[in-house]
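The values are calculated or read from the model by the stated rules, or taken from the named source; none is laboratory data. Worth saying up front: this structure is predicted, and the values here are computed from it rather than measured. In this analysis, Cβ positions are derived from the backbone assuming ideal geometry, glycine residues included, and neighbour counts consider all displayed protein chains. Only protein heavy atoms, including side chains, enter the accessible area calculation; ligands, DNA and RNA are left aside. Shrake-Rupley method; radii C 1.70, N 1.55, O 1.52, S 1.80 Å.
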Amino acid sequence: EEIQKGIELANLETSGTEIRIIYEDDRSWLSTAAVNAANKLINLDKIDVGLTAAIEEAKPVKPIFEKGKTPLLVVWDSNNFLDESDYLFGTGFSTEKAGEKMASFAFKNLNLREVAVVSHKDAWAEIISESFKNEFKKQGGKIVLHERHRLDDNEFKTTLLKIKESGADGIYLPLLPPTSV
């Protein structure tokens, strides 16, 4: 909704240029809904450009936008996946760099040496987790455990027990709200 409000504000500021805006609901990042919306927008509505919020939405629709030679702007994320296409662009934070910076901070500033990673099974979480793990190992640290949870999973007791048993001196938690709260 916030991105939609931003689009509406930007549209008000276009002096004399008529921009037709069409919204489609991805139903909270459901891949099938995103694919259906992308097919409709490109093949029926004949859009000139698409906007989406995050990598979770961009990943399943990438082939559709490439086939239609239609640019897709991802307004929240920016990462290497987007660089692999001539039609996908990101304006947000670099997911890989965020993971690398957190790993460097954990190793150099927090003096952590053995870390457990608990992440969601999600495109963003996978990218940032791998970047964190690779950089942490490069710094000289060790990843003692990596547990992945479904987005709707809110039971972490078994994972916490595994972390305790692993001897980790830190935990990296790339989890998406609201289920992880």
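Here the stretch 123-181 is the region considered, the condition is being of a type in the set (F, W, Y) and open to solvent by 30 Å² or more (accessible area, probe 1.4 Å), and the residue that is nearest to F105 (Cα to Cα) is W124. Would you say A54 is modelled with pLDDT of 90 or more and aliphatic (A, V, I, L, M)? Considered against the rule, which asks whether it is modelled with pLDDT of 90 or more and aliphatic (A, V, I, L, M), A54 comes out as no.
Here's the yes/no breakdown for (1) without any contact (Cβ under 8 Å) to a residue 12 or more places away in the chain; (2) among the charged types (D, E, K, R); (3) over 30 Å from D169 (Cβ atoms):
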residue: E2; (1), (2), (3): yes, yes, yes
residue: D25; (1), (2), (3): no, yes, yes
residue: S31; (1), (2), (3): no, no, yes
residue: D83; (1), (2), (3): yes, yes, yes
residue: F89; (1), (2), (3): no, no, yes
residue: G99; (1), (2), (3): no, no, no
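Test E114 against the criterion of being touching a Lys or Arg at 6+ places or on another chain (Cβ under 6 Å), more than 28 Å from V61 (Cα to Cα), open to solvent by 60 Å² or more (accessible area, probe 1.4 Å) and of a type in the set (D, E, K, R), and give yes or no. Answer is yes for this residue. The set of residues in the stretch 86-131 that are assigned to a loop (DSSP other than H, G, I, E, B) and small (G, A, S) contains only G92.
Of L161, L176, L151, all but one fail to be over 17 Å from E100 (Cα atoms), out of contact with any Phe, Trp or Tyr (no Cβ under 6 Å at 6 or more places or on another chain) and in a helix (DSSP H, G or I); the exception is L161.
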